[in-house]
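The values are calculated or read from the model by the stated rules, or taken from the named source; none is laboratory data. Nothing here was measured: the structure is a model prediction, and the numbers come from that model. Every residue, glycine as well, gets a Cβ built from its backbone with ideal geometry; the counts of neighbours run over all protein chains shown. Please note that ligands, DNA and RNA were not included when accessible areas were found on the heavy atoms of the full protein model with its side chains. Shrake-Rupley method; radii C 1.70, N 1.55, O 1.52, S 1.80 Å.
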Amino acid sequence: KMTNLFRIIGTLICFLRAKGSIIIACLGDSITFGDGDKAGYLSYPTNLRICLDNDGIDVQNFGRSGASIVPGPKEYRVYYDDVYLSALNSGADVFIIQFGTNDALPSLWNESQFRLSMDELIDSLENLPQQPTVVLGVPPPYVIEDDKLGPPEKNPVNFEVPQVIRNIAALRGLVYTDNFESFGGFITWNEDFYNSDDGIHPNAAGYNVISMNYYQTLADIWPTSFGFELTQQCTTGFLTTNLGLDNDGTKTGGGSNAERVLVEFVRQSDDTYKIIAVWTAMYLEMLGGSNYGAMTTSSAGSNFYVVSS
C-alpha cells in the first residue's frame, strides 16, 4: 500500500511538472548513438530534441556503440558502462530503450536471457525514485550481411527480437515504437533508409523516420503522463534543388539535374517553420541559394533555415 501511495504521489508530481523541466533519456546501442552518419547526419535523439524544443523538453543521448544487455564482454554490457550509470543518474522522466541488434550476435543470442535482461533493465529504470515512464523500441531490420552478425536471413534481430520486445511491452503494459515495421520489416525493407554499404545503421532518412516514430509515440501518451499536449508539429519532406547535391550530402555534378534533399519541417509558435537539413554548413549555404523564396539563416553557420508558412 505504501508503494501505491508513492506511485500516486509520483503521478501527481508529473502532472504538476512545468514545461521545460522534463528530461527524456535515450538508452541504446550505436543506432541510438548515431553511427553510420557518413555525411554528418543527426542521431534520432538529436532529431527528437529539435522536434521537442518548443515544449522545452530536454532529450539526452545515452547510446553507446556495441552495447548489449545480455551477458557478454564486460566492456559492452550496459551494466558495466559509465553511459548506463549516467543515464540512471540523469533524473529522466522518460526512458526510451532500444536494444537487440548486438544481443543478436550469434555468439551472444539466447532468447530466454534476452527476455530476462530486458526485464532487469526495465525494473532498474521503473524503480528509480522519480518512477519514470519507459518506452520500448523495436530496432530496425538488419539487411546487408556483416561479418559479426552473419547472414541477415538467419539473424534473430529480423525474427525473434521484434516479437520478444512486443511481447514484453504487452505483458508489462508498456508502449513501444516499432521501427522494424516502419522500415518495411526484413523481407520488404526500404532501401531508402540505409546506405549501400551498411545494412545495420540507418542513413539520414532512416534516422529521421526513427525520430518521427518516437515523437508520435510520445505525443500519444503525453497528455495522460504529463498533463499537457505536445505543441510542436514535426514532419519530414524533401526540397528539390538543381545544385547537383545528392541526398547523402555529396556533390554529384554540375547542377543540371534536380536532386531531392531530405529535410525536417518544424512548425513554430508564430506559424513559421524551421527547415532542418542535416548536412554540412557549406551544403546549407548552397541550399540557401536555391529558389524556394526568402531563406535566411538564424545565425552564421547555422543549419536552421526559417521560411514563412
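Determine if the stretch 115-136 includes at least one residue that is at pLDDT below 95, among the aliphatic types (A, V, I, L, M), closer than 30 Å to Pro223 by Cβ and within 14 Å of the chain's Cα centre (by Cα).
No, that holds for no residue.
Considering only the stretch 47-63, state which residues are open to solvent by 10 Å² or more (accessible area, probe 1.4 Å) and modelled with pLDDT under 90.
Arg49, Ile50, Asp53, Asn54, Gly56 - these are the residues of the stretch 47-63 that are open to solvent by 10 Å² or more (accessible area, probe 1.4 Å) and modelled with pLDDT under 90.
Counting only residues that are open to solvent by 10 Å² or more (accessible area, probe 1.4 Å) and aliphatic (A, V, I, L, M), which one in the stretch 103-140 is farthest from Arg77 (Cα to Cα)?
Here the residue is Leu128.
Can you pull out the residues in the stretch 175-192 that are open to solvent by 30 Å² or more (accessible area, probe 1.4 Å) and not in a strand (DSSP E or B)?
Selection gives Glu181, Ser182, Phe186, Ile187, Thr188, Trp189, Asn190, Glu191, Asp192.
Out of all the residues in the stretch 182-215, which are more than 17 Å from the chain's Cα centre (by Cα) and of a type in the set (Ser, Thr, Tyr)?
Passing the criteria: Thr188, Ser196.
Condition first: open to solvent by less than 10 Å² (accessible area, probe 1.4 Å) and under 28 Å from Ser90 (Cα atoms). Can you find one or more residues in the stretch 141-158 that meet it?
no
With the stretch 42-132 as the region, which helices (runs of 4 or more DSSP H) entirely inside it contain at least 3 residues that are of a type in the set (Lys, Arg) and on the phi > 0 side of the Ramachandran plot?
Qualifying helices (runs of 4 or more DSSP H): none found.
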